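A quick write-up on the structure given underneath.
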Amino acid sequence: MDFELDETAAMVAQTARDFASKEIVPRAAKIDRDGKIPRELLRGLADLGLMGVNVPESLGGSEAGVIAYSLAMIEIARGCASTAVTMSVTNMVAEVIASFGTPEQCKQYVPHLMSGKMAAGSFALSEAEAGSDPGAMRTTARLENGEWTIDGSKQWITSGDFAGVFIVWARTGGEGTRGISAFLVPADAKGLSVGHHEDKMGLRGSSTTSLHFDSVHVPESALLGQLHGGFKIAMMALDGGRIGIASQAIGVAEAALAASIDYAKERKTFGKPIAEHQAIQWMIADGRTELDAARLLTMRAAYLKQSKQPFSTQAAMAKLYASECAGRICDKALQIHGGYGYTKEYDVERHYRDVRVSRIYEGTSEIQRIVIGRSVAS
Ligand code: CAA
């Protein structure tokens, strides 16, 4: 067993850390307030190769591996969770196209996502009544005269209003998970419109919208992967995505813990810094221990994916544990800050709101337990 990082992963992590410290941390509160990530920040991520950390170089990616991707995600999320989720979904979309796309599909989209010409990629799976259970989706795609016609609506779509390309899942056969296919739909497709913008508790800088498909025509060649094979593509994508969200949760919790340690050294009660009170030390000790455990679970999942071994269960464990302990850590961070933590003057207030969704999206904690339970107890 080897706990040392390889040179590439260490370099990518350092690059992401430097960019986060210099460009993201100083802007994060404003991003949260304005509800918008400056485009130049996303362009900066693309320029550094962070929009395709595990995407082949031949398509413009960094080809640095899954461990490097996870570490980069932790660093960017430490700066701003909204920026991190935009990066995470774009990496996921680029990887899915690179893995399942034809050479033409790859060429049409992936280099543009990598260069930043397309600001983001978007993953259009969920619907108003099909979130945890995507097999219940109702969006349809019909093949007529060499064209697919897509009708329906999607909800909770990250970067729905500015992504350059969408992976859209639609029903092409009967009921259930076996009648679903995936399609690549460009943002300017006629009949595709952006609907409601969610007014979210956290991740306020990232955009989350509904999408409407009103007889959207795409060529027959827009089918991604096998006809009726879309559900498995979604599941495989989410397995990898869950490593990204585990990493995002770790990054937010790292920021909250670091802020708590700094604050606890400064703030005095009963004649000494609160860091010297055992009650506070224990909160910090628990947080550090849980975060290290979350990192180890996440690195294991990343290692398995990188070495092309099965990793679905391990990714679910990493996502479950990291998101839940990150929630606890951000809660304790706010507690350590006392009344100040409950104000927008301190970043922990934002971390507390931002981290909450990591227990919900890319599979709720309950879904992760289903995935783990089926694997270990079947
Ligand atoms: N890899 C490959 N294939 C898989 C798979 C995986 N990880 N998981 C399931 N499959 C296959 C099964 O083998 C099965 O294949 P066959 O048809 O050949 O038998 C098929 O898929 C159906 O599998 P299940 O019967 O297990 O499907 P299910 O309906 O019971 O669902 C589930 C399983 C794990 C609960 C799944 O529905 C799930 O993960 N739900 C959560 C969805 C989710 O995470 N949504 C997040 C939305 S995206 C998002 O949040 C992005 C964002 O913008 C931030």
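The values are calculated or read from the model by the stated rules, or taken from the named source; none is laboratory data. Computed from a predicted structure; not experimentally measured. For neighbour counting, all protein chains shown are included, and Cβ atoms are generated from backbone atoms with ideal geometry for every residue, glycine included. Just the protein is used for accessible areas: all its heavy atoms, side chains included, with ligands, DNA and RNA removed. Shrake-Rupley method; radii C 1.70, N 1.55, O 1.52, S 1.80 Å.
Given the structure, is Gly121 more than 20 Å from Ala81 (Cα to Cα) and either under 17 Å from the mean Cα position of the chain (by Cα) or more than 10 Å from the ligand (Cβ to nearest atom) (or both)? Taking the combined requirement at face value, the residue does not satisfy it.
Looking at segment 338-363 only, could you name the residues that are among the β-branched types (Val, Ile, Thr) and either part of a loop (DSSP other than H, G, I, E, B) or open to solvent by 30 Å² or more (accessible area, probe 1.4 Å) (or both)? Thr343, Val357, Ile360 - these are the residues of segment 338-363 that are among the β-branched types (Val, Ile, Thr) and either part of a loop (DSSP other than H, G, I, E, B) or open to solvent by 30 Å² or more (accessible area, probe 1.4 Å) (or both).
Would you be able to say whether some residue in segment 191-204 is closer than 30 Å to Thr313 by Cβ, outside any loop (DSSP other than H, G, I, E, B) and within 11 Å of the ligand (Cβ to nearest atom)? Taking every residue of segment 191-204 in turn, none turns out to be closer than 30 Å to Thr313 by Cβ, outside any loop (DSSP other than H, G, I, E, B) and within 11 Å of the ligand (Cβ to nearest atom). Going residue by residue through segment 236-249, is there one that turns out to be in a helix (DSSP H, G or I), within 16 Å of the ligand (Cβ to nearest atom), β-branched (Val, Ile, Thr) and within 14 Å of the chain's Cα centre (by Cα)? Looking through segment 236-249, at least one residue is in a helix (DSSP H, G or I), within 16 Å of the ligand (Cβ to nearest atom), β-branched (Val, Ile, Thr) and within 14 Å of the chain's Cα centre (by Cα). Within segment 251-269, the residues that satisfy the criterion of being more than 16 Å from the ligand (Cβ to nearest atom) and aliphatic (A, V, I, L, M) are Ala253, Ala255, Ala256, Leu257, Ala258, Ala259, Ile261, Ala264. Scanning segment 126-143 for residues that are open to solvent by 20 Å² or more (accessible area, probe 1.4 Å) and more than 9 Å from the ligand (Cβ to nearest atom) yields Ala128, Glu129, Arg138, Thr140, Arg142, Leu143. For segment 215-234, the count of residues that are under 30 Å from Arg353 (Cβ atoms), within 16 Å of the ligand (Cβ to nearest atom) and surrounded by 20 or more Cβ atoms within 10 Å (Cβ to Cβ) is nonzero. Looking across segment 177-190, the residues that are open to solvent by 30 Å² or more (accessible area, probe 1.4 Å) and in a loop (DSSP other than H, G, I, E, B) come down to Ala187, Asp188, Lys190.
For segment 319-378, the set of residues classified as more than 12 Å from the ligand (Cβ to nearest atom) and of a type in the set (Lys, Arg) consists of Arg328, Lys332, Lys344, Arg350, Arg353, Arg356, listed by residue number. If you check Lys319 against the conditions, is it within 23 Å of Arg267 (Cβ to Cβ) and assigned to a helix (DSSP H, G or I)? The answer is no for Lys319. The residue list Phe100, Phe123 contains one member that is in contact with a strand residue (DSSP E or B) (Cβ under 8 Å, 6 or more places away or on another chain), open to solvent by 10 Å² or more (accessible area, probe 1.4 Å) and more than 20 Å from Lys200 (Cβ to Cβ), which is Phe100. Taken over segment 47-85, the criterion of being of a type in the set (A, V, I, L, M), assigned to a helix (DSSP H, G or I) and open to solvent by 10 Å² or more (accessible area, probe 1.4 Å) is satisfied by Leu59, Ile67, Leu71. Only one of the numbered conditions (1) buried (at least 24 other Cβ atoms within 10 Å of the Cβ); (2) under 20 Å from the mean Cα position of the chain (by Cα); (3) more than 10 Å from the ligand (Cβ to nearest atom) is not met by Ala170, and that is (2).
Yes/no matrix, rows are residues, columns are (1) small (Gly, Ala, Ser); (2) free of Cβ contacts under 8 Å to residues at least 24 places away in the same chain:
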| site | (1), (2) |
| --- | --- |
| Ile76 | no, no |
| Thr86 | no, no |
| Val89 | no, no |
| Val93 | no, no |
| Cys106 | no, no |
| Lys117 | no, no |
| Ser122 | yes, no |
| Asn145 | no, yes |
| Ser153 | yes, no |
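Look at segment 130-142: where a residue is more than 21 Å from Ser215 (Cβ to Cβ) and of a type in the set (A, V, I, L, M) and a partner is part of a strand (DSSP E or B) and more than 6 Å from the ligand (Cβ to nearest atom), sitting 6+ places away or on another chain with Cβ atoms under 6 Å, you get Ala136/Ala130.
Taking the numbered list (1) buried (at least 23 other Cβ atoms within 10 Å of the Cβ); (2) in contact with a strand residue (DSSP E or B) (Cβ under 7 Å, 6 or more places away or on another chain) in turn, Asn91 passes all entries but (2).
Within segment 13-38, restricting attention to residues that are under 18 Å from the mean Cα position of the chain (by Cα) and not in a loop (DSSP other than H, G, I, E, B), which residue is surrounded by the most Cβ atoms within 10 Å (Cβ to Cβ)? Selected residue: Ala16. Report, by residue number, each residue of segment 258-316 that is of a type in the set (Asp, Glu) and open to solvent by less than 50 Å² (accessible area, probe 1.4 Å). Within segment 258-316, Glu290 is the sole residue that qualifies.
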